[in-house]
Each structure stands twice: as structure tokens, then as C-alpha cells.
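Heads up, the thing below is written out as C-alpha cells.
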Amino acid sequence: MNNTFKTPYFKLLFFTFTSLSLCAQISLPPFFSDHMVLQQEQKIVLFGKAAPYEKVTGIFKGEVSKTSANPNGSWQLVFSPSKPGGPYQLKISAKNTVEFNNVFVGEVWFCSGQSNMGWPLYKSENGIREVEQSLHDKIKLFNVRRSMSGIPSKDLDTLNKWTSCNPKTTKNFSAVAYYFGRELYKRYKVPIGLIHSSWGGSSIESWMNADAFADDKNKYELIKKIKTLNLNQLEQDYKVEEKKYNIYLDEVDLGLKQNWQSEQQNYSSWKTIQLPNVWRRSPLKQLVGVVWVSKSITLSAQDTAGDLELSFGLIDNEDITYFNGTRVGSIKKNDVLRNYIVPKELLKHGENIITVRVKNPLDIGGFRSGENSFYVRTILEKVSLAGNWRYKVGTPKIKEPPVRVHPKYFPSSLYNAMLYPFFDYNIRGVIWYQGESNVSRATEYGKLFPMMIKDWRDKWKNNIPFLFVQLPNRANMGIKQPNFREAQAQALNLDLVEMIPTIDIGDNYDVHPANKHDVGYRLAVAADHLVYNPSIIGHYPKIIETVSMPKSVLFSFDQSIVHKGKSEIVEGFEVFKNGVFDSKANAKLMDEKTIAVPHSSNSYPIEIRYLWKDAPSEVSIYNELEIPLPPFRKTIGN
């Protein structure tokens, strides 16, 4: 008998052939899956891996496409452009066969940015009801799992996949993207595919190609360094250290050790602080750690006849709230409104003590909402809690928190991992909601943003439409907020770019406004005009002519405008006069397309600005689609 089959050489050979056979299994990126939407009216391109030189055949809608894998095992199939429709079956065959079911052809949009793009549907205004009503068979969702990389990578987590649109899948899906897609479907009745790829707190740099920073020495050196790092592992390690630090803060908190919430606690020696406020705008020098705050309120006998509601809005990050020494609520997440019910059994006729323990391990710290969210409500009345509180630091001497690992510190990290894999997947366009993390660097953003758009278009090999959200009203931001909105608008110098004003639908005291419906709706209206039906009005009122008169400046618009102010005066206009901007400009609507702004200047140029504040008190100029005139400033010559 020949013993060749028993030799180590044969065993190695058998293993090699077996391995090659396994490698021969054709595979495709995760965005080719059941429920996928392929872009209509463009060539349908599918690609993946197989054994070198392996023949690959695809069948879609009766069309057969054939190819062979290259020496590296990469292959590509191309099908003819298709009209919208579905569901279809798509079959790819080589030594094995892969079948995709419930495949549609329609409109595919890439939805990106930071937390306001990622804000989940269930957390938005009327979110629970909207989730319950979100069954739409022709809308498909692709939620990109968070990932960072120091180098461009085509690899996506295999857990990524297309899903149908239903209450189970929409709950944690982007509210803005969902409302955008739903409105598009209402208008065109074609399948809609939404690829959502965002990361809360991310900077624009993290979404940009590393080549953009070739002339920036600091960023270039940082990019060279992170190429050698496993950023995802660093983030996981940081989360472990963050948990340890949270436990450490609890262990060293003097307030917990000494029961500062107790009714016997003497608060007279505690210092005074104005609330609501974040710690950086308070007397506190130490932003990280634990701070205890307390306030006494007086209740009448009638007030104690029913339960009491406590409201603090948003607290950064964690709180434990006590009423007369008894714990009545606690939330560990900073983006959840604090509304606690105090049982009437805890209420006293006379003085009552509210005590809140605020723990901030790394972020802003403090009470983030405005005075309208800071109150106590009895069965008789609602009383503001804004004003003087007592405070004491529970962790006066603590070690430094772990250094945060986040993509905003790593240029190109999200471009490499959450954008780059999609450049070969055909899309119609992009919607973008980002900027809060760059708001302090407006001039730089004005340069980077157009660069990013042009690079994305180059990589997609298509002049894709690009729609973006201008940052909304937000108080306590100062002049940097209007300056940043102006920087965002620099991108409008590119073709097929449109801006969505949100100056009227933000939240003055919350970086995450709850109204995501109107944002998505306005994006869809703009897409309708920019992409699908240019003959209709779908954008905000735009100035088409500025005329300087002896005593006024006339602004003419490209469409009819509506004044919704409280008087005939159009609030928000300011004219530069005697070294300052005069807010009493007395601007008026002259006709349905013209606003006149009076001035008393005898010299030029004249500087005029509109809604040039972080949070204007009144927004009154709209078009017939309920889209406001965005902030602007103009210098008018003679």
C-alpha cells in the first residue's frame, strides 16, 4: 500500500487545498444584503471577494452579468440602470451562491454628521408615537455601527445590514433621516434607502480625507501617529477606565459619606450659586467631580394635598435628587430630561429642602436647560426654581479623569471607517447635520466644509447633491454662533448645495432640539427642489437684489415672503451706527418680495445684519413653505 497519503507533506497539501476551497466562497460587503435599496437610473454595481480568477455570475431582474475575479480575488458585476421598483431577488453565483431577497431600486441617501443627525426617533418630539406609526415597507434603513480607523478601510462590521422600516428598527434610527426619507416617499412613492452614519460630538475633521491636512503640520503629525493605533481598542480601554473613574468619584465623595442630603444637614455654610447654569459659567473652578446643590422652598397646607413635580431639564451628567432627605429620582444619562414626582407624603407645610447631587466625570457639568425647565409644580401652581442655590463640592481633591478617546480628537478617523467603505455604493445625495463641535472655529470651518464636499464628490465619482442643516438658535453662545452659521453658508458657493435654516426651531438651552420633524421635512423640501423638481420653490427666501436709497436699503427676494411678527416692524434687523449696531432698525415689508431697512447714514459703506444673534427673540420672515429667512449680514456701498 502507498503511504504517500499518510505523509506530513500530503497533510499540508490537503490543508492548503481545503483552505483555498473555503477562501473561494464569494462574499460581498454588508451593505449588499436583504432589504437593500439600489440607486435608480444609475448603473448597478456589485462587488466583493472570491478565489483568484474565479468566474462570478449575477442575475437581477432577468439580466445576467458575468465577470472573473482578479488575481487578488476582487470582482465586480455591473447591471443596467433600472427604474424604481421591487421587491426583487438578486443572485450571485460562483462555487457557491448568494441570494438577496426583498431588494428594491429607488433613491439612496447618505445621512451623516454628529449627534443631532444621530438623535434617535424615540427621543424626538412626539417620538414614541412616531415610532409606533413607523411601518413603511418601501423605506429601508442602514444604521452604520460606530467605528474608527487610522487608515482608510473598506471593511465594515458584518453586523451592519439593511432593515425594513418598522417600530423595532426606527426607535434608535436617526430622527432627521427618518423624517427626511418619509417625506420623500410621500412625494414620490418610490423606495427610499437611508444610510445613517454619524457619531455624536464628532468634528468635521474626523469626516475628512487625511490628504486635506497635508499643509497642517499638527494635524498631519497626529494622522501619522494614529495610523499605527487601534482606535477602536483604545476606545474600549477608555470605557473601562471611565467606569472605574465613576466608581472612584462615588468612593471619595464627602457628600455620600457625610449624608449631605439629610434633613439635619446645615446648609448655611455652603456657598451661593445661580442656577440653572453649567459649571463653566459658575464660580466653580473644578468642573469634574461631584457637586451638591440645595434649595429650600415653602409650601402651604394646600400645596401638600397632592403630589409635587420637580423639573430640572438636562443635567450633565448624573444626578441623585432628594426631597426632605428622601431620594425621589436619579438618572445617569445627560441627555434625559429630569422630571420627578414627589409623593405628597414627603411634603411638609412650611419649609422643604431640595438637594441634588450632580456627578460629572468628564464633560460640561451642571444644569444645561433654561429657566423654563427649572421649576416645581404643586397642585395649585408652578413656581420657578431659578435663582440662588447653595452648593458644596463633594470631591475637592481628586485625581485627573482618564484621557477621553473620541473621534473629534482624531482627524480622518470616521472618514476611514464609516464613510470610505461606501464610496463604491451608488447614492443620490447627502444630508449633513454637523458643526456644534467646530462652532468655536468658524473661519477654519468655512474653508474645510467646501473642501470636504468636493472630496466626497471626487470619491463617489459623482457631483452628488449635498444638503446641510444650518445650526439653530442656542442661547449663551455669543457671537460665535452667528459667525459659524455664516461659515457654514460658504458651502453655498458650490453647485448642487442647499442649506436648511433652523434658526426658529432650535432649543435655546439644549444643544439637541427635540423638533427633528421640521428639520427632516425642510431637508426633503430642499431635495425636492434641488434634485427632483427644480421648477418648484423648495428653498429659503434668497436675496436677489440690494438697492441703496438715500434713507433706506431695499432687499428684494426671489420669492414671496410673509411677515409673521407681532407688529408691522420686522424685528431682527440692525444697522451699524456710531460704532455699534442699532437694533431698532424699524425695517418694514414694502411688498410681497421686498423689505426696506431705514438708515440715517450719510456715508458709505452701510453695514446691515439680520438675526445676528445666538438665539434671536423673534423670527418673523418666512416663505410660503414656512421656511425662514436665515441670518445674514451685508455691507452696502453707494
What is the one condition in (1) in contact with a Gly (Cβ under 9 Å, 6 or more places away or on another chain); (2) in a strand (DSSP E or B) that ALA51 does not satisfy? (2)
Would you confirm whether or not region 113-122 contains a residue that is open to solvent by 20 Å² or more (accessible area, probe 1.4 Å) and without any contact (Cβ under 8 Å) to a residue 40 or more places away in the chain? no
Here the residues within region 601-638 that are of a type in the set (Val, Ile, Thr) and within 25 Å of the chain's Cα centre (by Cα) are VAL619, ILE627
Since LYS83 meets every condition but one in (1) more than 28 Å from ILE464 (Cβ to Cβ); (2) open to solvent by 70 Å² or more (accessible area, probe 1.4 Å), which condition does it not meet? (1)
Note on region 51-76: residues open to solvent by less than 80 Å² (accessible area, probe 1.4 Å) and either polar (S, T, N, Q) or within 35 Å of the chain's Cα centre (by Cα) (or both) are THR57, SER65, THR67, SER68, ASN70, SER74
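Evaluate the following for ASP424: is it in contact with a His (Cβ under 8 Å, 6 or more places away or on another chain) and either open to solvent by less than 20 Å² (accessible area, probe 1.4 Å) or not in a helix (DSSP H, G or I) (or both)?
No, not satisfied.
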Residues that are farther than 19 Å from VAL37 by Cα, surrounded by fewer than 24 Cβ atoms within 10 Å (Cβ to Cβ) and of a type in the set (A, V, I, L, M): does region 146-159 have at least one? yes
Restricting the search to region 549-591, which residues are loosely packed, with under 13 Cβ neighbours inside 10 Å, within 36 Å of the chain's Cα centre (by Cα) and more than 21 Å from VAL619 (Cβ to Cβ)? VAL580
So if I check each of LEU287, LEU275, LEU256, LEU299, which one is open to solvent by 30 Å² or more (accessible area, probe 1.4 Å) and at pLDDT 95 or above? LEU256
I'm trying to understand the selection: among the residues of region 427-449, which are assigned to a loop (DSSP other than H, G, I, E, B) and touching a residue at least 40 places away in the same chain (Cβ under 8 Å)? ILE427, ARG428, GLN434, GLY435, VAL439, SER440
Cβ pairs under 6 Å, 6+ apart or interchain, first in region 409-420 and free of Cβ contacts under 8 Å to residues at least 40 places away in the same chain, second part of a loop (DSSP other than H, G, I, E, B), ordered by first then second residue, are none
Candidate set from region 510-531 (those that are in a loop (DSSP other than H, G, I, E, B) and touching a helix residue (DSSP H, G or I) at 6+ places or on another chain (Cβ under 7 Å)); member that is nearest to LYS542 (Cα to Cα): LYS516
Just checking, which of MET499, MET477, MET452 is at negative phi and in a helix (DSSP H, G or I)? MET452
With the condition kept exactly as written, say whether any residue in region 2-18 is farther than 30 Å from ILE139 by Cα, modelled with pLDDT of 95 or more and not charged (D, E, K, R). no
Pairs only if they're at least six apart or on different chains, beta carbon under 6 angstrom, first in region 142-169 and closer than 18 Å to LEU229 by Cα, second β-branched (Val, Ile, Thr); list them, first residue then second. GLY150/ILE226
Can you name the residue in region 497-548 that is in contact with a strand residue (DSSP E or B) (Cβ under 8 Å, 6 or more places away or on another chain) and basic (Lys, Arg) and, of all such residues, is surrounded by the most Cβ atoms within 10 Å (Cβ to Cβ)? ARG522
Looking only at region 44-74, how many residues end up being within 25 Å of VAL108 (Cβ to Cβ) and touching a helix residue (DSSP H, G or I) at 6+ places or on another chain (Cβ under 8 Å)? 0
Is it the case, given these coordinates, that PRO598 is open to solvent by 10 Å² or more (accessible area, probe 1.4 Å) and under 19 Å from ILE500 (Cβ atoms)? no
In region 176-218, what residues are closer than 18 Å to LYS447 by Cα and at pLDDT 95 or above? SER202, SER203, ILE204, GLU205, SER206, TRP207, MET208, ASN209, ALA210, ASP211, ALA212, PHE213
Could you look through region 442-488, keep only residues that are more than 19 Å from the chain's Cα centre (by Cα) and among the polar types (S, T, N, Q), and pick out the one that is most open to solvent (accessible area, probe 1.4 Å)? THR443
For strands (runs of 3 or more DSSP E) lying entirely in region 574-628, having 1 or more residues that are in contact with a Leu (Cβ under 9 Å, 6 or more places away or on another chain) and farther than 18 Å from PRO550 by Cα picks out 606-610
With the requirement that a residue be among the hydrophobic types (A, V, I, L, M, F, W, C), closer than 29 Å to TRP109 by Cβ and in a loop (DSSP other than H, G, I, E, B), what does region 178-229 give you? VAL190, TRP199, MET208
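The values are calculated or read from the model by the stated rules, or taken from the named source; none is laboratory data. This one's a predicted model, so the numbers in the text were calculated from it and none came from an experiment. When we count neighbours, we look across all protein chains shown, and the Cβ atoms used for this are built from the backbone with ideal geometry, even at glycine. Heads up: the accessible areas ignore ligands, DNA and RNA and are worked out on the full protein's heavy atoms, side chains in. Shrake-Rupley method; radii C 1.70, N 1.55, O 1.52, S 1.80 Å.
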